[in-house]
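Heads up: the structure comes next, in structure tokens.
The values are calculated or read from the model by the stated rules, or taken from the named source; none is laboratory data. Note that the structure is a prediction, hence the values are computed from the model and not measured. Here the Cβ positions follow ideal geometry from the backbone for every residue, glycine too, while neighbour counts run over all protein chains shown. In case anyone asks, the SASA skips ligands and DNA or RNA and just uses the protein heavy atoms, side chains included. Shrake-Rupley method; radii C 1.70, N 1.55, O 1.52, S 1.80 Å.
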Amino acid sequence: MKLFIVYCHPSENSFTRNMLNAFVRGITDSGNECIISDLYKMNFDPVMTEQEYLRDAFYKNTPYVAEDVLAEQEKINSADAIAFVYPVFWTEAPARLVGWFDRVWSYGFAYGDKTMKELDKAMILCSAGNPLERLEEFGLMDSMKKVMFGDRLFGRAKEMEFVVFDSTSREKAEREDNWESNLQKAYEKGLHFFDYAGE
Ligand SMILES: Cc1cc2nc3c(=O)[nH]c(=O)nc-3n(C[C@H](O)[C@H](O)[C@H](O)COP(=O)(O)O)c2cc1C
């Protein structure tokens with residue numbers, strides 16, 4: 001089985017990079033394969049152009065779609081499932097990933113008379129500096145889930161899972177205390193990702 005991972009973090013010096021590596025190891029150890037779009041390494045341009053805006057906002061299914069967007073859409077349709085790996089920035093994904101959705105989820109691909117396949121599964125693995133209790137206090141966790149599941153992934157994946165690695169801020173002792181157990185958890189998420197296919 002093939003997993004497409006969209007990864008977005010500005011630095012190699014991060015928990016999130018280590019978490020991605022552990023997750024990928026789990027995927028390959030289970031005999032599956034993955035392809036990764038590392039949005040910073042690719043220098044993916046997240047800014048929608050006027051031409052793209054006019055195409056999407058006026059529901060014009062013109063053949064023009066930028067090469068970098070087409071490449072991402074082809075990766076999606078070549079995969080069985082998708083995963084997004086990123087740190088929470090201001091209760092959202094980093095801007096580069098938000099812009100990835102703006103551009104890649106184009107009219108005629110992700111909505112309208114869409115050509116995007118329905119994926120078997122979508123998983124979000126994100127790191128958050130705050131503890132889960134703080135994210136739940138004001139419904140912040142819920143808003144992140146609603147945006148990802150209720151909008152971006154709605155009707156585009158049969159199964160969805162949101163995994164949060166909380167208290168990963170450098171100000172928190174838990175960052176170091178939970179480092180190994182968090183990486184083990186990420187590894188197991190990878191190892192068992194395609195368990196549904198063996199049922
Ligand atoms: C610009 C910025 C905004 C952030 N916003 C949030 C936030 O809204 N909620 C939160 O829990 N953590 C927030 N964080 C913490 C990151 O999620 C943190 O970088 C991540 O949890 C894990 O660390 P890593 O960068 O070593 O991977 C923010 C960090 C940065 C740099």
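Just one of the listed residues (Gly150, Gly129, Gly112, Gly139) is touching a strand residue (DSSP E or B) at 6+ places or on another chain (Cβ under 9 Å), open to solvent by 20 Å² or more (accessible area, probe 1.4 Å) and not β-branched (Val, Ile, Thr), and it is Gly129. When each of Asn13, Asn43, Asn32 is tested for being open to solvent by 50 Å² or more (accessible area, probe 1.4 Å) and under 28 Å from Lys185 (Cα atoms), the lone residue that passes is Asn13. Residues in the stretch 175-190 that are open to solvent by 60 Å² or more (accessible area, probe 1.4 Å) and free of Cβ contacts under 8 Å to residues at least 24 places away in the same chain: Glu176, Asp177, Glu180, Ser181, Lys185. Candidates are the residues of the stretch 80-134 that are of a type in the set (S, T, N, Q) and within 16 Å of the ligand (Cβ to nearest atom); the one that is farthest from the chain's Cα centre (by Cα) is Asn130.
Look at the stretch 3-19: where a residue is farther than 15 Å from Ala95 by Cβ and a partner is loosely packed, with under 14 Cβ neighbours inside 10 Å, sitting 6+ places away or on another chain with Cβ atoms under 7 Å, you get Phe4/Ile35. For the residues Leu3, Leu97, Leu119, Leu54, the requirement of being among the hydrophobic types (A, V, I, L, M, F, W, C), surrounded by 14 or more Cβ atoms within 10 Å (Cβ to Cβ) and in contact with a Lys or Arg (Cβ under 8 Å, 6 or more places away or on another chain) singles out Leu119.
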